[in-house]
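Have a look at the structure below, then the notes.
We did not get these values from a lab; they are worked out from the coordinates using the rules stated. The model shown is predicted, which means the values in this text are computed figures rather than measured ones. A quick note on method: Cβ atoms are made from the backbone with ideal geometry, for glycine too, and the neighbour counts reach across all protein chains shown.
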Amino acid sequence: MMLRRSFLRAPIAMAGAAGLAGIMSARDAEARVEININKGNVEPMPIAITDFISGDALGPQITDVIAADLKRSGLFAPVAKTAFIEKVSNPDQTPRFEDWKVINAQALVTGRLVKEGGRLRADFRLWDTFSGQQMTGQQFYTQPQNWRRVAHIIADAIYKQITGEDGYFDTRVVFVSESGPKNARKRQLAIMDQDGFNLRLLTNSNDIVLTPRFSPNQQEITYMSFEGGQPRVYLLQLETGRREVVGNFPGMTFSPRFSPDGQRVIMSLQQDGNSNIYTMDLRSRTTTRLTSTAAIDTSPCYSPDGRRVVFESDRGGRQQLYVMNSDGSGQNRISFGDGSYSTPVWSPRGDLIAFTKQSGGRFSIGVMKPDGSGERILTSGFHNEGPTWAPNGRVVMFFRDNAGSGGSQLYSIDLTGYNELRIPTPTFASDPAWSPLLE
Amino acid sequence: MSRTETQAFGHMQKFVRNPVVVAFALTLALASCGSKKNMPNSAGDLGLNGGAGAATPGSAQDFTVNVGDRIFFDTDSTSIRADAQQTLARQAQWLKQYPNYSITVEGHADERGTREYNLALGARRAAATRDYLSSLGIPASSIRTISYGKERPVAVCDDISCWSQNRRAVTVLGGR
């Protein structure tokens, strides 16, 4: 996808900005308009997002997508447009900050869309209304049909400028779309934007498909399929739709994930009732066995530096989390709480491992440090399973089945345990995997 | 749809290539209409034994109805229970009498576990069932196993009455 970004360094009417306009002026402003997202239940920051000047409906549409992204993060409270006093007609002109301060908007977004040839140019500026300065200004070129992506990219830029953390709005989710009765479910791989839009089905057969996961460059999905009555791990190229089996193993292969460099797939191989963890190098096709027990070793996931692997095993009697070096050495149990632990996923930041915990008949989503300390439950209920991290390591998505609901749906929750949201999908949904930030 | 009907539907899917079995499964579904009880342990427990004269001896439906094609497991367990041992003994006896079928043992788990583990648990149950049949004289090499994890429940409520029916291993007969 063609997207070009440049910074708007010279606001036309930045009177008194002393030449340090645009991104350079952000440093002073940052000190005043900021959100500390480590604090937990933060008061959302009021932000005014004006309709992008476009002369057509696209301006307000882009504005609405930006506002929805920021609102769903739980960190921002977009001010109702009806409260606006100043009507922005030239987004390059310094706003009347008093008009925005009086409606308590701490930050203000202005922008414009220009059709240049077949392309769409989007400019936006983020202003600190209390210091009266521009925090950042950026410009993007894209194809008009990609307007939602431009909105997500702008929302990411605003999020980053104000929180100091990378955003996660310009991302996608691959998951299993479930339809039909529970005892005869049709499962299809599906991909959508993180806000539930642009949904596309990737498979259409009656074969069971499970546990899709993105490659680091997002061009491929690895997943498990029962195609041909043989449950095995597959690769799917998103662009071409080309599929291939991963390896030629004698038993069921399942629970696949890519290594952080995209060169290997790590997965479980089942033989004679035991499941052990293997990797396959996608170039040389060589396979390596990492665990060798009479237990169920599964759900392997690499640390972001690729040096360690977290997985679940019932070698001690119940499912517990273990960490090993990526060559299989040094296998150590890290979970010791009540109940059983499964589906560990290493945070893209490396600092935490998210998991499913079963205890007292309830299924919870929690996090712990890679050494097993600092366990925290984020959400708990009848059935919550299968966490996946937003690329900034601040939000976890999972699937939830409420008793009697007939199926599961996708939810997200902040690392703080606040701001639980349902991700809208047209059917029941499970096994979400969050993409890295798009290129 | 009652739970017993769902069981019959499951059979229909498995044996859909065999019109006799489809007809039988439909009969089973009709016979069980309105039943609100938990799904019985086997088709034989439906009380159809007396009326099972319709099932040709040696046919797949004879196996399902008169022998019992499935066994059940305790939570998170792969042990062959006493009731399951009796069922498998009947299965082994029947399979020796009619040795020309191909045999697949399907292992299943209930929904109260995570997906990957349940795939492995279903595989373990299938392997334990195969090994038990093997100990009774059915060659292990003639038995294919497959796990469906928690992906193919036959009973679909959200309590133990269904979960206990879904923790199962089903012996499926293929063409002679």
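Using a cut-off of 13 Å between beta-carbons, work out the net charge of the residues near A:Y322 (Lys and Arg +1, Asp and Glu -1, A:Y322 not included). With Lys, Arg at +1 and Asp, Glu at -1, the neighbours total 0.
The Cβ shell under 10 Å around A:Q143 holds other residues with a net charge of +2, Lys and Arg each +1, Asp and Glu each -1. Using a Gaussian network model of chain A whose springs link C-alpha atoms within less than 10 Å, name the residue from A:G74, A:G374, A:G366 with the highest mean-square fluctuation. Top of the fluctuation ranking is A:G374.
In terms of other Cβ atoms within 10 Å, A:R422, B:R168, B:R90 run from fewest to most in the order A:R422, B:R90, B:R168. Projecting the Cα positions of A:L202, A:F258, A:P216 onto the charge dipole of the range A:138-288 (unit charges on Cβ atoms of Lys, Arg, Asp and Glu, taken about the Cα centre) puts A:L202 furthest along the positive direction. Altogether, the Stokes-Einstein calculation at 10 °C and 1.306 mPa s, with the Kirkwood radius of chain A over Cα pairs as Rh, returns a diffusion coefficient of 68 µm²/s.
Over the C-alpha trace of the range A:172-434, radius of gyration and Dmax come out as 17.1, 48 angstrom. Couplings 3J(HN,Hα) for the range A:199-216, derived from phi with the Karplus relation 6.51 cos²θ - 1.76 cosθ + 1.60 (θ = phi - 60°), are 6, 9, 7, 9, 9, 8, 8, 8, 6, 5, 10, 9, 6, x, 9, 6, 6, x Hz, where x marks Gly and Pro. Its Cα gyration tensor gives the range A:279-419 an equivalent ellipsoid. The semi-axes, each the square root of 5 times an eigenvalue, are 25, 17, 15 Å from largest down.
For the pair A:N204 and B:D159, label points projected 7 Å from Cα toward Cβ lie 4.1 nm apart. Over every Cα atom in the range A:70-220, the radius of gyration and the widest Cα-Cα span, Dmax, amount to 20.0, 61 Å. Look at the stretch B:138-147: the mean tally of other chain Cβ atoms within 10 Å of its residues' Cβ atoms is 2. Using only side-chain charges placed at the Cβ, +1 for Lys and Arg and -1 for Asp and Glu, the dipole size of chain A relative to its Cα centre rounds to 440 debye.
In terms of other Cβ atoms within 10 Å, A:L201, A:L120, A:L410 run from fewest to most in the order A:L201, A:L120, A:L410. Taking the fewest neighbouring Cβ atoms within 10 Å as the starting point, the ordered list for A:L58, A:L321 is A:L58, A:L321. Phi angles of the range A:43-53 translate, via the Karplus equation with coefficients 6.51, -1.76, 1.60 and θ = phi - 60°, into HN-Hα couplings of 6, x, 7, x, 9, 9, 10, 7, 4, 5, 6 Hz per residue; Gly and Pro are given as x.
Which of A:S364, A:S347, A:S292 ends up with the largest GNM mean-square fluctuation for chain A, with Cα atoms connected below 10 Å? Ranking A:S364, A:S347, A:S292 by mean-square fluctuation puts A:S292 first. The long axis of helix A:147-163 is offset from the longest Cα principal axis of chain A by roughly 80 degrees.
All Cα-Cα separations within the range A:379-418 were binned at 5 Å from zero, giving a P(r) of 6, 24, 30, 22, 10, 6, 1, each value a whole percent of the pairs.
Can you give the % of DSSP beta bridges in chain A that are antiparallel, to the nearest 5? Looking only at bridges with both residues in chain A, the antiparallel portion is about 95 percent. Our helix-only sum for chain A, with -39,500 (n - 2.57) per DSSP H run of n ≥ 4 divided by its residues, gives a mean residue ellipticity at 222 nm of -3000 deg cm²/dmol. Only beta bridges with both residues in the range A:260-340 are counted; by DSSP, about 95 percent of them are antiparallel. Against chain A, whose longest principal axis is taken from its Cα atoms, helix A:58-72 shows a tilt of about 60°. Under the combined filter of DSSP loop state and at most 14 neighbouring Cβ atoms within 10 Å, the range A:145-226 retains these chymotrypsin sites (Phe, Trp or Tyr not before Pro): A:F197. Counting, for every residue in A:245-252, the Cβ atoms of other protein chains within 10 Å of its Cβ and taking the mean gives 1.
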